[in-house]
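The values are calculated or read from the model by the stated rules, or taken from the named source; none is laboratory data. For clarity, every value in this text was computed on a predicted model and none was experimentally measured. Here the Cβ positions follow ideal geometry from the backbone for every residue, glycine too, while neighbour counts run over all protein chains shown.
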């Protein structure tokens, strides 16, 4: 009888250790799966390994300054990424064609410039799809990049952008040019914070136009190469959070 109890005790211990081992293996598999799954999130910058920088210009107004900007970019032999708003494209399709025709990248800034975090996922999808159709009908190219109005990045707009197949673009340097500061302020904000892989947010404003030639020259003097956003983020996973992101802008 005593031998039987000993054998049963050993059996219970073996079963217990087997359950513990299986539990730990299960946890390991779950952790590994979670680690390997792609987490869709905003992209704030490109790779820090290359001395490249990208200019991102959100366009919902300021069309009077875009021809001057295009001339500057042509003279400096650089390409940037314009994020066009749908209602703006409706009003200025020929200007969008000039931007794309000059070799610049066109992304989407949504249709009506709503607060994305106040919309449902379906509301965000409708806004994105309406803008995408206008952009495609104008330049026969589908935008692959999306810059949210106000820099909002809640679950609904993130999920909508993911379903739409966009890369979700924010920034690591903010010119805050929508406040119309002096050109020297814009130059200082960008040049002093320039870093490898930076995405610089700007808008078509008069001080931006005045700041661009000097800003571009100083960045080139520092050894930066100007590229489009799709180029700067091509090796960056879409969970690239960074502490460099600035405050939300209009």
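Quick notes on this structure:
- Residue match in region 226-235 (condition: at pLDDT below 95 and under 20 Å from residue 53 (Cβ atoms)): yes
- Flag for residue 107 being in the same structural domain as residue 220 (by TED's automatic domain parsing), surrounded by 16 or more Cβ atoms within 10 Å (Cβ to Cβ) and on the phi > 0 side of the Ramachandran plot: no
- Filter pass, residue 112 being surrounded by fewer than 15 Cβ atoms within 10 Å (Cβ to Cβ) and either modelled with pLDDT under 95 or in a helix (DSSP H, G or I) (or both): no
- Checking 132, 105, 76, 100 one by one, the residue that is modelled with pLDDT of 95 or more, touching a helix residue (DSSP H, G or I) at 6+ places or on another chain (Cβ under 8 Å) and over 22 Å from residue 212 (Cβ atoms) is 132 and no other.
- Selection over region 164-173 of residues that are without any contact (Cβ under 8 Å) to a residue 40 or more places away in the chain and not in a loop (DSSP other than H, G, I, E, B) gives a count of 1.
- Within region 127-154, considering residues that are outside any loop (DSSP other than H, G, I, E, B) and without any contact (Cβ under 8 Å) to a residue 12 or more places away in the chain, the one surrounded by the fewest Cβ atoms within 10 Å (Cβ to Cβ): 137
- Subset tally (residues that are in contact with a strand residue (DSSP E or B) (Cβ under 6 Å, 6 or more places away or on another chain) and more than 21 Å from residue 170 (Cα to Cα)) for region 101-117: 0
- Per the listing 190, 157, the residue uniquely in contact with a helix residue (DSSP H, G or I) (Cβ under 6 Å, 6 or more places away or on another chain) and closer than 18 Å to residue 54 by Cβ is 190.
- The sole residue among 150, 166 that is touching a strand residue (DSSP E or B) at 6+ places or on another chain (Cβ under 6 Å) and within 15 Å of residue 124 (Cα to Cα) is 166.
- From the list 106, 66, 72, 53, the lone residue that is farther than 21 Å from residue 158 by Cα, under 15 Å from the mean Cα position of the chain (by Cα), in contact (Cβ under 8 Å) with a residue 12 or more places away in the chain and not in a loop (DSSP other than H, G, I, E, B) is 53.
- Of all residues in region 161-173 being closer than 12 Å to residue 151 by Cα and touching a helix residue (DSSP H, G or I) at 6+ places or on another chain (Cβ under 7 Å), the one that is surrounded by the fewest Cβ atoms within 10 Å (Cβ to Cβ): 168
- Residue match in region 147-157 (condition: in the same structural domain as residue 205 (by TED's automatic domain parsing) and either at pLDDT below 95 or at positive phi (or both)): yes
- Residue in region 174-189 that is touching a residue at least 60 places away in the same chain (Cβ under 8 Å), surrounded by fewer than 21 Cβ atoms within 10 Å (Cβ to Cβ), out of contact with any strand residue (DSSP E or B) (no Cβ under 6 Å at 6 or more places or on another chain) and on the phi > 0 side of the Ramachandran plot present: yes
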